[in-house]
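The values are calculated or read from the model by the stated rules, or taken from the named source; none is laboratory data. Bear in mind the structure is a predicted one, so any value in this text is a computation, not a measurement. No Cβ is skipped: glycine too gets one built from the backbone with ideal geometry, and neighbour counts run over all protein chains shown. Remember, those area values only see protein heavy atoms, side chains included, never the ligands or the DNA or RNA. Shrake-Rupley method; radii C 1.70, N 1.55, O 1.52, S 1.80 Å.
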Amino acid sequence: MSDAVLNAVNNFYVAYNENKLELLDEILAPDYAAHVNTAEIKGAESAKGFMGHFLTTFPDAHYTVHDLIRSADGDKVVTRWTCTGTHQGAFAGVEPTGKSVTMIGITIFKIVDGKIAELWGNWDVAGLLGQLKG
């Protein structure tokens, strides 16, 4: 795996783990598009808004990547991850609970010229809501 590809994917998670939204300007392609569950995110500014809202809700969010797999054609990377955090902001109609939660998901990155051009993310929102309401 090239250093540029690995760097882009690693820095995506660093942006979350260290609340460094400015990294998105460096690692996202100008025409970046993300499809996260039902959300459609276009461009770095929208990505910063999406990530910023998540980090307001779970300010201590920490992603751990368990698997990182590169596609045969070399332009896609798949990660399987968990994210832990404390619920400090409203999420899906649930007011802050202060509960520690664990989220699980899989993200597919399409890398073009060392930048993330497209992203598909699926994570277990129902499992998260069960933890918040349970």
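Distance between the 7 Å Cα→Cβ label points at Asn19 and Asp67: 3.3 nm. Remark: region 37-134 carries 51 Å² of accessible area per residue (probe radius 1.4 Å; ligands, DNA and RNA excluded). If R0 is 35 Å, the Cβ-Cβ spacing of Asn37 and Asp3 corresponds to a FRET efficiency of close to 0.70. Label positions at Asp60 and Ile106, each projected 7 Å from the Cα along the C-beta direction, are separated by 3.0 nm. Of the peptides 52-61, 24-33, the ranking by mean beta-carbon count within 10 Å, highest at the top, reads 24-33, 52-61. The Rg/Rh ratio of region 18-89, with Rg taken over Cα atoms and Rh as the Kirkwood radius over Cα pairs, comes to 0.98.
Normalised by 2.2 N^0.38 Å, where N is the number of residues, the alpha-carbon radius of gyration of region 94-134 equals 1.63.
For the chain, with all protein chains present and a 1.4 Å probe, just round the carbon and sulfur fraction of the accessible area to a whole percent. Please list the in-between numbers first.
On the way: 3630 of 6740 Å².
Reported share for carbon and sulfur atoms: 54 percent.
Each Lys or Arg adds one and each Asp or Glu subtracts one; over the other residues with Cβ under 15 Å from the Cβ of Pro30, this totals -2.
In summary, the lysines within cross-link reach of Lys99, defined as a Cα separation below 27 angstrom excluding same-chain residues under 8 places away, comprise Lys20, Lys48, Lys133. For Cα extents along the principal axes in Å, the value calculated from this model appears in (1) 65, 38, 19; (2) 36, 32, 31; (3) 43, 27, 25 under label (3). Counted over region 61-131 with a bin width of 10 Å, the fraction of Cα pairs per bin, in whole percents, is 18, 41, 26, 13, 1.
For a protection proxy built on the mean count of beta-carbon atoms within 10 angstrom, sort 90-102, 74-86 highest first, please. Present the calculation step by step, with values, prior to reporting the outcome.
Numbers: 90-102: 12.8, 74-86: 16.5.
Per-residue mean Cβ counts within 10 Å order the peptides as 74-86, 90-102.
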